[in-house]
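A short write-up of the structure that comes next.
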Amino acid sequence: MPQTKLGLDPAVVRRARALARKAAAPVEKLAHTHTTVSVERATLRLAGVTGADATGMPWVNHLVDAVREQVGLEYGVALPVWHALASGEHTDLVAMAEKAATGGVRFALPTGKDAERAAKAARKAVGTGFVRIDRNRRDRNKLLAKLGDPPKPWIYLIVATGDIYEDIPQAQAAAREGADIVAVIRSTGQSLLDYVPEGATREGYAGTYATQENFRLMRAALDDVSRELGRYVRLTNYASGLCMPEIAALAGLERLDMMLNDCMYGIIFRDINPQRTFIDQRFSRAIHARAGIVINTGEDNYLTTADAVDAAHTVIVSQLLNERFGLEAGLQPWQLGLGHAFEINPDIPDSFRLELAHALLVRELFPEAPLKYMPPTKHMSGNVFAGYLLDAFFNLVGVMTGQGIILVGMMTEGIHTPFLSDRDLALENVNYVRNAVGDLAEDFRPAPGGFVVERAHRVLGESVELLQRIVDDGLLDAIADGTFGITKRPADGGKGLDGVVKKADGYLNPASDLLEEGRT
Amino acid sequence: MTGEPKIVRPYGDTTGDGMVQLSFTLPVGKDGRADGAALQLARKMGLEPATVVHSKAMGPDFTFFVVYGRVSHLVDLSQVEVVEREFPVLTAKEVNLAIRSRLRRKLVVVGATVGTDAHTVGLDAILNVKGFAGEKGLEYYREVRVVNMGSQVTADELVARAKAEHADALLTSQVVTQKDAHLHHTREVSEAVVATWPDASHRPLVIVGGPRFDTVTPKDLGVDRIFGRGTTPAEVASYLVHALLPTAKVPA
Ligand code: B12
């Protein structure tokens, strides 16, 4: 660990991590002993099942629903599906799905030799997905070597028109103006769809649907602009909501580079069932690990519903949990883009010093993680001029504390999704600060025992206390009590619990097997 | 105040100079025509003379402008329509007393953020005990029973719950406005209300709130009242008393 500025006590830091590990353990066990409809659909997607019926309902949904109805999902979808395929009645999986949609396929759980044969065929088919994911990872590395990997902090910009064909020129324009990362926000409401829409889409609300085709189109457009600019521009989307595992699979298949993937965001901000979320999250992160994708976690959001000073320790606790769940799923520290934010009420005294303390604490707790620092949102009002100033202070903290990914704040945050000019002005702001501040991080040392150092120690202390309580009560109960984002989410509440299935002995999922075997 | 002018112009640094500032983007590359194009727009908007004080290329196809200019338009203050609050703001005690004496049971409100919108902070600010801007929310009022359904609730779910709870008022929140999502979802609520209570005299009060409803009237949306940015719980409680218990004699 490099020399620290805050002088954090390594014993306290170790204790915090040990507690996070303990708090996570029962939930990890839950994730290993259960599957979900979306995990099973993701497995089929890795085997190359694409497409949807005339109403837009994907074939993977039809297959999983049919298997579930006839044999249940306790053994996974793979054995019944590849057993049915072995009958020779169906030319391929899509043809089988089409028939299954109208009830025309009899599924059964194979045994003995039949089961072995089905397992082998499933493994081979799902393996093709990983061949593609692995190739994409190599291609990314080649492009990074050839075109150049921009220095940190990476500048992260959002596009959200709702129409992929509007998003593309906006994303290219953003890249030309200096964005290192382009994130396409999803349409409102997608999180609660228990299927992934198909094809290129033009009708999202406040965001664009995450679909395989939209992913492909945007990655191709950014590849073009990367070549033009001589720098690899990363693409980000959201693996969240009820289809987290499938979206993660599609991201790997289409060479997305970063994914929003939080262990609790869906629970707290979309009221998705906690158990469903944790199970889906485990599988999706294993895929991200394999794909070399950097995840971004969503702790910043807690500070929109809770107070950024009072709840500062909940951010740290959640980061430690996200780290633990991430490492357990196979992610490397460089893949953990832990989130936090500049959300303290600017009217309170010393708000800047408090922000500095929080940001530095996160930096020093997670020295290898490419931290994702989020700009002010909650206290951005219609006064766009004041907002522009606040964004500059945010940029200053980001650069001074060596954050890895800086999401560019918009002065119109309190009004609308960004105009073209909002984005341009925001980049001008960031570029000025980056240029003017240079390596100030090198010179900046908070006074030992001073305000910043004391505040950081205090937040860490509160985090350890909270973690201890979570270990005592259980993470699911803590979530039910409203520990995060002052939002109460009981373990049996929310959407999607009916998609959770306990695995039986003999459960088979070739994707999980290949992921575990492929771990580095 | 005496002698206040009825007619005013924008104020830059001198009375009557009419100076305003404006920024916008044109889908024009920053070539020779760009500034002229911006000036033409400014002139058509009534800025004369106007100066382009800043223009910057944003990629090959767009230019951003900052323009200052003098507007010739006059503002006639006597023509400004002010929507006066149609009711007095009461204290929690007064609200409770009015409900107790006039309604003789608890007043029931059912609230939700409807449609795909997941924003709850505004709704919670009105409903939760914690409240907003130092004021306690409706849950704090002893004579009000609050059912807060949270977000991502469909209009039908909200209306069904309101019916089951014998609600006196339905409170809807809408924050996302892109592609008029807020208007669309609000209309879904008012339509569901009409379908459920065909007889208007038995309908609960329908209230909608959110930061960007400035462009519409309650009538446009088929609701009874719209609450905008910065609404406080006391205003909503007072409105409920005013609208539902009109003859209540409330101590001043
Ligand atoms: C907090 C926040 C979030 C949080 C919400 C957490 C939660 N549980 O609510 C999170 C992070 C989850 C979030 C998500 C998104 N958000 Co958001 N979010 C905000 C933010 C920063 C603050 C909103 C807020 O809490 N304001 C404080 C409250 C108190 O104010 P208020 O809502 O206006 O409420 C007051 C009044 O309007 C009124 N009122 C409101 N409701 C009601 C109801 C009744 C009955 C009454 C009487 C009064 C009333 O009274 C309240 C008190 O005065 C704003 C930006 C900003 N600074 O405004 C963006 C913003 C609202 N979000 C936005 C967007 C686009 C999204 C996303 C769609 C992004 C995406 N594509 O993923 C997602 C939402 C997905 C979905 N399904 O909805 C946009 C909306 C753009 C637009 N105009 O359409 C904004 C403006 C940001 C931006 N510039 O892009 N967001």
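The values are calculated or read from the model by the stated rules, or taken from the named source; none is laboratory data. In this text, all values refer to a predicted model and were calculated from it rather than measured experimentally. In this analysis, Cβ positions are derived from the backbone assuming ideal geometry, glycine residues included, and neighbour counts consider all displayed protein chains.
Numbers at a glance
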quantity: Leading residue by the ranking (surrounded by the most Cβ atoms within 10 Å (Cβ to Cβ)) among those in the stretch B:164-189 that are of a type in the set (Asp, Glu) and away from every other protein chain (no Cβ under 11 Å); calculated: B:Asp168
quantity: Subset of the stretch B:113-131 (residues that are on the phi < 0 side of the Ramachandran plot, within 13 Å of chain A (Cβ to nearest Cβ) and within 9 Å of the ligand (Cβ to nearest atom)); calculated: B:Thr113, B:Thr116, B:Asp117, B:Ala118, B:His119, B:Thr120, B:Val121, B:Gly122, B:Leu123, B:Asp124, B:Ala125
quantity: Out of A:Ala11, A:Ala78, sole residue that is at pLDDT 95 or above and over 21 Å from A:Ile247 (Cβ atoms); calculated: A:Ala11
quantity: Residue in the stretch B:66-85 that is closer than 30 Å to A:Arg176 by Cβ, surrounded by 14 or more Cβ atoms within 10 Å (Cβ to Cβ) and within 14 Å of chain A (Cβ to nearest Cβ) present; calculated: yes
quantity: Among (1) within 13 Å of another protein chain (Cβ to nearest Cβ); (2) touching a Leu at 6+ places or on another chain (Cβ under 9 Å); (3) closer than 26 Å to A:Arg234 by Cβ; (4) within 16 Å of the ligand (Cβ to nearest atom), the one test that A:Phe419 misses; calculated: (2)
quantity: Residue list for the stretch A:470-520, restricted to those being aliphatic (A, V, I, L, M) and in contact with an Asp or Glu (Cβ under 7 Å, 6 or more places away or on another chain); calculated: A:Val501, A:Ala504
quantity: In the stretch B:86-106, residue surrounded by the most Cβ atoms within 10 Å (Cβ to Cβ) [restricted to those that are charged (D, E, K, R) and assigned to a loop (DSSP other than H, G, I, E, B)]; calculated: B:Lys106
quantity: Pair list, Cβ < 9 Å and 6+ apart or interchain, from the stretch A:120-142 residues that are among the aromatic types (Phe, Trp, Tyr) to residues that are surrounded by 15 or more Cβ atoms within 10 Å (Cβ to Cβ); calculated: A:Phe130/A:Leu46; A:Phe130/A:Gly252; A:Phe130/A:Arg290; A:Phe130/A:Ala511; A:Phe130/A:Leu514; A:Phe130/A:Leu515
quantity: Residue count for the stretch B:195-228, restricted to those that are farther than 20 Å from B:Ala164 by Cβ, β-branched (Val, Ile, Thr) and in a strand (DSSP E or B); calculated: 2
quantity: Top-ranked residue in the stretch B:191-224 [being closer than 19 Å to B:Val108 by Cβ and within 8 Å of the ligand (Cβ to nearest atom); ranked as farthest from the other protein chains (Cβ to nearest Cβ)]; calculated: B:Ile207
quantity: Residue within the stretch A:289-306 that is touching a residue at least 40 places away in the same chain (Cβ under 8 Å), among the polar types (S, T, N, Q), within 25 Å of A:Arg138 (Cα to Cα) and away from the ligand (no atom under 14 Å from the Cβ) present; calculated: no
quantity: Hits in the stretch A:164-196 (condition: within 15 Å of the ligand (Cβ to nearest atom), crowded, with 19+ Cβ neighbours inside 10 Å and in a loop (DSSP other than H, G, I, E, B)); calculated: A:Ile185, A:Arg186, A:Ser187, A:Thr188, A:Gly189
quantity: Condition met for B:Gly150 (over 26 Å from A:Thr188 (Cβ atoms), within 14 Å of chain A (Cβ to nearest Cβ) and surrounded by fewer than 24 Cβ atoms within 10 Å (Cβ to Cβ)); calculated: no
quantity: Subset of the stretch B:24-49 that is under 30 Å from the mean Cα position of the chain (by Cα) and of a type in the set (Gly, Ala, Ser) - its residue that is farthest from B:Tyr68 (Cα to Cα); calculated: B:Gly46
quantity: Residues located in the stretch B:133-145, provided they are surrounded by 19 or more Cβ atoms within 10 Å (Cβ to Cβ) and within 11 Å of the ligand (Cβ to nearest atom); calculated: B:Gly137, B:Leu138
